[in-house]
Amino acid sequence: MLAQALPRGANVRVLLLVLADRPDDGRPMRYHEAVCLPWIPSLNQREARNILRIVSAFIRVRRLSAKVRLRNGRCVFFVRNTPWLLVIARLLTRKEDRLVYQSSFPHESTGHWLRRWLYQTLLRMGGRRVNAVLAVSPLGLSRASRFFGHASERTVIPLLADLPPSRQGEPDMTSSQKLLRFVYVGTHRARRQLDVVLEGVVRALDDGASAEFMFVGGLTTEIGELRKVGGVDRWERIGRIKFIKEIPRPQIPSVLTVADVGLSLVPATEINREMSPTKLAEYMGAGLAVLASDGVDLQKEIVRKSGAGVLVEFEAKEIGDAITSLVQCPDRIVEFKQHALEYSEKHLRYENYVPAFKQALEVE
């Protein structure tokens, strides 16, 4: 949105403050239509001079914003989902500036009570100056709005993915055209509970489903744990289940082009309820049918409105039954794919949200 869609659709210059890989790395870099400034120090490094680097970054941004004002420009500070950066941005803004906060994770309601209290305090401190608040789902906006009572604009802009279609450099994932090809691309961390998904996959394969499955993006240790799920090693040996380690993001479109159905299955936790299903948007944008869990409010809405696939409870038996049903109805897959592309073009592109974003930023 910031690096591509917004600069093309508005008279703005976008500067992205990003993490510095090294303490001495401050050279600007181009990313699409935006300029990246690697000024933010990594707080994971326990060094005393990190404090000095934070102060240095603060001074740099203040000087940069002062230059913009001297040239009769207008500064809009956009803070993405980081409460402590929101407080810093509040210190940098003046009355003529605009401060926008995007919330995509409930920091203030997760973890240890002291952590929750700290984030709530930071949001209240920064929230008094926020002019507009964005969220990735209606439920997320309802939560975030409690801290931004003075915000004049409150908008939902989901997390999307404008990945370009590509058939170049495809990995060696060829299979018989008689097999329905399912793909999952994303984190393999334990909290995603892919073991439940794999239990459903094994159930379907054991019942004779003519399908193959690719799980892309796992670390070696994570894949090792998932191989312990009963039946996975057996089906992996004959190529019906494949694990592919993390790949560069530009290669994702190539992976999706060799699949038929995207798996967007996540546990129905309180946090996941308000998430924006990025992978769902990627699958549908690539023209895949989807098999999705209905424990995510926005995901449920998109699948139902688009008619791009099937919703199931996040439970191994239901997942297995749904896979079997999809394999037995190839005509439905063709229909789901068409609906996915049509809905994606109309609703799942950042360019469709530029007018709402411009209104939040108050730019022409």
Could you identify the single residue in V354, V363, V334 that is more than 23 Å from V196 (Cα to Cα), β-branched (V, I, T) and without any contact (Cβ under 8 Å) to a residue 40 or more places away in the chain? V334
Among (1) closer than 28 Å to A161 by Cα; (2) open to solvent by 30 Å² or more (accessible area, probe 1.4 Å); (3) touching a residue at least 12 places away in the same chain (Cβ under 8 Å), there is one condition I241 misses while meeting the rest; what is its number? (2)
L114 assigned to a helix (DSSP H, G or I), open to solvent by 60 Å² or more (accessible area, probe 1.4 Å) and over 23 Å from Q4 (Cα atoms): yes
Does any residue of segment 351-358 turn out to be more than 18 Å from E282 (Cα to Cα), open to solvent by 40 Å² or more (accessible area, probe 1.4 Å) and not hydrophobic (A, V, I, L, M, F, W, C)? yes
Residue that is surrounded by the most Cβ atoms within 10 Å (Cβ to Cβ) [pool: residues in segment 195-219 that are touching a strand residue (DSSP E or B) at 6+ places or on another chain (Cβ under 9 Å) and part of a helix (DSSP H, G or I)]: V201
Looking at G320, is it within 11 Å of G262 (Cβ to Cβ) and either out of contact with any strand residue (DSSP E or B) (no Cβ under 8 Å at 6 or more places or on another chain) or modelled with pLDDT under 95 (or both)? no
Give segment 237-252 a look and list any residue that's farther than 23 Å from G208 by Cβ and not aliphatic (A, V, I, L, M), or say none. K245, E246, P248, R249, P250, Q251
Residue tally, condition over 17 Å from the mean Cα position of the chain (by Cα) and either part of a strand (DSSP E or B) or without any contact (Cβ under 8 Å) to a residue 60 or more places away in the chain (or both), over segment 244-259: 2
Within segment 59-107, restricting attention to residues that are out of contact with any strand residue (DSSP E or B) (no Cβ under 9 Å at 6 or more places or on another chain) and basic (K, R), which residue is surrounded by the fewest Cβ atoms within 10 Å (Cβ to Cβ)? K95
Applying the selection to segment 245-265, what residues are buried (at least 17 other Cβ atoms within 10 Å of the Cβ) and among the hydrophobic types (A, V, I, L, M, F, W, C)? I252, V255, L256, A259, V261, L263, L265
Scan segment 157-176 and give yes if some residue there is modelled with pLDDT of 95 or more and in contact with a helix residue (DSSP H, G or I) (Cβ under 6 Å, 6 or more places away or on another chain), otherwise no. no
Of the residues that sit in segment 220-238 and are part of a helix (DSSP H, G or I) and of a type in the set (A, V, I, L, M, F, W, C), which one is most open to solvent (accessible area, probe 1.4 Å)? W235
Mind checking which strands (runs of 3 or more DSSP E) fall wholly inside segment 1-90 and carry at least 1 residues that are over 27 Å from F147 (Cα atoms) and either among the β-branched types (V, I, T) or at pLDDT 80 or above (or both)? 29-31, 34-40
Would you confirm whether or not segment 121-130 contains a residue that is under 22 Å from H347 (Cβ atoms), crowded, with 16+ Cβ neighbours inside 10 Å, out of contact with any helix residue (DSSP H, G or I) (no Cβ under 7 Å at 6 or more places or on another chain) and in contact (Cβ under 8 Å) with a residue 12 or more places away in the chain? no
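The values are calculated or read from the model by the stated rules, or taken from the named source; none is laboratory data. Nothing here was measured: the structure is a model prediction, and the numbers come from that model. All Cβ positions, glycine included, derive from the backbone under ideal geometry; neighbour counts span all protein chains shown. In case anyone asks, the SASA skips ligands and DNA or RNA and just uses the protein heavy atoms, side chains included. Shrake-Rupley method; radii C 1.70, N 1.55, O 1.52, S 1.80 Å.
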